[in-house]
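Computed from the coordinates by the stated procedures, all read-outs in this text should not be read as laboratory data. Since we're looking at a predicted model, the values are computed, not measured. Every residue, glycine among them, receives a Cβ derived from its backbone with ideal geometry; neighbour counts consider all protein chains shown.
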C-alpha cells in the first residue's frame, strides 16, 4: 500500500514538473511573438524612390532605394535564406542596418524561388505596376486588421493531410494567440503623406479585390 502511494505521488510530481517545463517553454517562445505587432510591413514608393520598413520595435526605417544593397542572405540561427536589404555607410562597405523580406527559403534547393520575389519588386520599382498586375491575384488582407480565423487556418495548411493535422493545430494555436495579443501596425503620418494613392488608380490591388476565401 505504501509503495502504491509513493508511486502515485511520484506520478503527480512528474506530471507537475512536465507541466511547469512546458509552460515555461511556451512562455519563452511567446515573448518572441506575442504582444508585438501582427506583421511588419514594407512600402516601396516608386515615385519618391524611398523604401519604408516597419521595425520590430515599432519605429520606421526610411531609406533611398538607389542607395540600398540587396542580396540573398542566410540566417545561420534559423538556417534559412531571405532577401536582405542593407543600409550602407558612406564608405559603401560598412552595414548600418539590415532588413529582410518576409519570404524565406529553407535550404539551397528552395533558395532560387526567392529570386522571383526580388524580380517582382525590382520590376515594380523600375517599370511600374502595368506588367505585374496579372501576377498579383491575392493581397494579404492584413493591412488594417488581424487575419481572420479561416485565413490563418488556410495559411498554416491545416487541411493538407490528416497525418499532419496535430502539428498544424499546435502551430495554429500559437499563431492565433500571437495574432490576437499583438497590435496592428500603423504607419506614421509622414509616411502616409508620401504614399497617397490616387482614387482613380486602375492598378490598385487590396483585400477587396481578392478571391472570396481571403476576404
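If each residue's Cβ is checked for other Cβ atoms within 10 Å, how do 178, 148 rank with the fewest at the top?
Numbers: 178 18, 148 15.
Ranked by crowding around the Cβ, least crowded first: 148, 178.
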Protection proxy ranking, peptides 199-207, 59-67, average beta carbon neighbours within 10 Å, highest first | 59-67, 199-207
The range 39-124, Cα convex hull volume normalised per residue, Å³ | 111
